[in-house]
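See structure below.
None of the figures in this text is laboratory data; all of them are computed from the coordinates on show. This structure is a prediction, so every number in the text was calculated from the model and none was measured. Backbone-built Cβ (ideal geometry, glycine too); neighbour counts: all protein chains shown.
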Protein chains: 2
Amino acid sequence: MPDTSTQILDTAERLITQGGFHAFSFQDIAERIGIKKASIYYHHPAKAALGREVIARYRARFREVLAAIDGAEPIDYGDALSLYLAPIIQLSQSDDGVCLCGVLGGEYIALPEEMQAEVGAFFEEHQTWLAGLLERGRAAGAFGFTGSAAKMAKLMFSAVEGALIIKRATGDDRQLDDVISVLQDLLRP
Amino acid sequence: MPDTSTQILDTAERLITQGGFHAFSFQDIAERIGIKKASIYYHHPAKAALGREVIARYRARFREVLAAIDGAEPIDYGDALSLYLAPIIQLSQSDDGVCLCGVLGGEYIALPEEMQAEVGAFFEEHQTWLAGLLERGRAAGAFGFTGSAAKMAKLMFSAVEGALIIKRATGDDRQLDDVISVLQDLLRP
DNA sequence: GTCTATACAAAGATAGAC
DNA sequence: GTCTATCTTTGTATAGAC
């Protein structure tokens, strides 16, 4: 059983991915983990701070994935891309699975500043990393697209973020898989 | 000056695209159009009903665009696609411009049922329509992609929805344009 | 159609006991 | 660390006067 602070972060993350930052309360968290809402303030000083921590942890988790892939080079670049996509596909297969930052991006203007910065940074680090992977993969002959790698990275990342949201609202379990399969076809040399 | 009911819908739409359904209140609407919050209930019976109306109107606006394009056939299919994308690009150029349903899709689980249905229907009607356009365009020799038109439609629509969200959070004005330009390159015969 | 007044619940947050 | 108690503000919504 994780410690209370972690349980709070886990629950907040889940609630945000379900309905966004403004749709849940400390009361919701408290009920789910069996404590009183006042106790949450011992671990996290305010809702905005908690929100920020949730994103920071989410970002860090993905940074580990990216670092692991980078650390495995030289690697087949098609495999590297699959390794990147694996946790996202896994996300989409869990209940209500969408990207935390995709949800928060929708609420962007109403988000506390500290959270806005984290969300923007998440998007940027993923797109930048993807652009690098595509560039190196093309140089190695593993990918065969034409044009800018940065633009292709924007397409891939935008499509994945959008697909997760659309999948849940339409109930189409193949939304993300279809999008990814088209993208992988496009990249083939 | 539009009537009060329309002003309420306009303001609600704006507020939802900025921060989502749960981040605004009737008080926010009232302040912006210079009435008291109780007056809103004369025009719209509840927040969920107002939310539903906002989406229904948004959907109808797009249905007009789609019908206009359909009505113009036979047409150059590249032009048809540009006509479809034009209002989306326009959206992205306005302040805080994202797709209303992209935002609401993020909040999906916490949305009133009546709103969930509208959001899902919006996504489905766009993807279905796009698939038809791509299919006919390819048959006419205007598009040169391989594979399923339905899958390509999912990629295009997912990418556009995602790009709008990402654009706002990163401040990258070229996010949507870059994504669209790559997509249009992909479709070239 | 719009207002004032109000009911009622829930929110974020703090103080202080245990 | 967690609790009870409480403060204050805000939210959705209704009743009834103008």
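Shielding value for A:120-128 is 3, the average number of Cβ atoms from other chains within 10 Å of each residue's Cβ.
Translational diffusion coefficient of chain A (Stokes-Einstein, Kirkwood radius from Cα pairs, 20 °C, 1.002 mPa s): 121 µm²/s. Put simply, the Cα atoms of the protein assembly as shown extend 57, 54, 31 Å along their principal axes, the longest span coming first.
For the segment A:20-31, counting C-beta atoms of other chains within 10 Å of every residue's C-beta and taking the mean gives 3. Across the identical copies, the 7 Å label point of A:Ser25, projected outward along Cα→Cβ, sits 1.2 nm from its counterparts, in ascending order.
Dipole of the protein assembly as shown computed with +1 at Lys/Arg Cβ and -1 at Asp/Glu Cβ about the Cα centre; of A:Met1, A:Gly102, B:Ile33, farthest Cα towards the positive end is B:Ile33. Note on A:Ser39 and A:Ala68: their simple-model spin labels are 3.2 nm apart, each label 7 Å out from Cα toward Cβ. Selection among B:Gly147, B:Tyr77, B:Val65 by position relative to the dipole of segment B:52-187 gives B:Gly147 as farthest towards the positive end (Cβ unit charges, Cα centre).
Inter-copy label distances for B:Arg136: 4.6 nm (label point placed 7 Å from Cα along Cα→Cβ; shortest first). The charge dipole of the protein assembly as shown, taken about its Cα centre with unit charges on the Cβ atoms of Lys, Arg (+1), Asp and Glu (-1) only, comes to about 280 debye.
Taking the label point 7 Å along Cα→Cβ, B:Gly171 and its counterparts in the other copies are spaced 4.2 nm apart, in ascending order.
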